[in-house]
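First comes the structure, then the notes that go with it.
The values are calculated or read from the model by the stated rules, or taken from the named source; none is laboratory data. Fair warning: this is a prediction, and the values are worked out from it, not measured in the lab. Glycine also receives a Cβ, built like all others from the backbone with ideal geometry; neighbour counts cover every protein chain displayed.
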Amino acid sequence: MYFFLDAQPAQASQGQVGQGFEQTFIMLAIALIFFYFILWRPEQKKKKQVEELRAGMKKGDRAMVAGIVGEVVKVNADTVILKMVEGAKIEVLKAAIYDVQPRANSDKAEEKTAE
């Protein structure tokens, strides 16, 4: 009688093993979908937007690089020359620029601060 009681739980546990694998696979798929829509996709959109800003830079725009704000003087293939306060100029890599404000926006900002 002990033999028959022991055989039934063994059969039940085999069914649970197959079911556990399916549940694990489903949870893994949900986690991957979560990471794609919550983390990876928004980051890719932001990266694309910054690349478009860098590509559209022109003379007179204001660019921000590692906390430094300057006016774009010249745009080269891989670098940008920025004019700082009191006429100082620096050359920075385009890849380091994280924000660009068109000249029209910077003129409006200066008018507001003057008032």
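Of all residues in the stretch 87-103 being within 19 Å of Q49 (Cα to Cα) and outside any strand (DSSP E or B), which is modelled with the lowest pLDDT?
So the first thing to find is which residues in the stretch 87-103 are within 19 Å of Q49 (Cα to Cα), and the list is 93-103.
Filter once more, keeping what is outside any strand (DSSP E or B): 94-96, 102-103.
On the way: K94: 89, A95: 87, A96: 89, P102: 85, R103: 80.
Of everything passing the filter in the stretch 87-103, R103 is modelled with the lowest pLDDT.
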Before we move on, is I33 farther than 25 Å from L93 by Cβ and either in the same structural domain as M84 (by TED's automatic domain parsing) or under 22 Å from the mean Cα position of the chain (by Cα) (or both)?
yes
Selection count, the stretch 36-67, where residues are surrounded by 13 or more Cβ atoms within 10 Å (Cβ to Cβ) and either under 24 Å from the mean Cα position of the chain (by Cα) or within 10 Å of V100 (Cα to Cα) (or both)
9
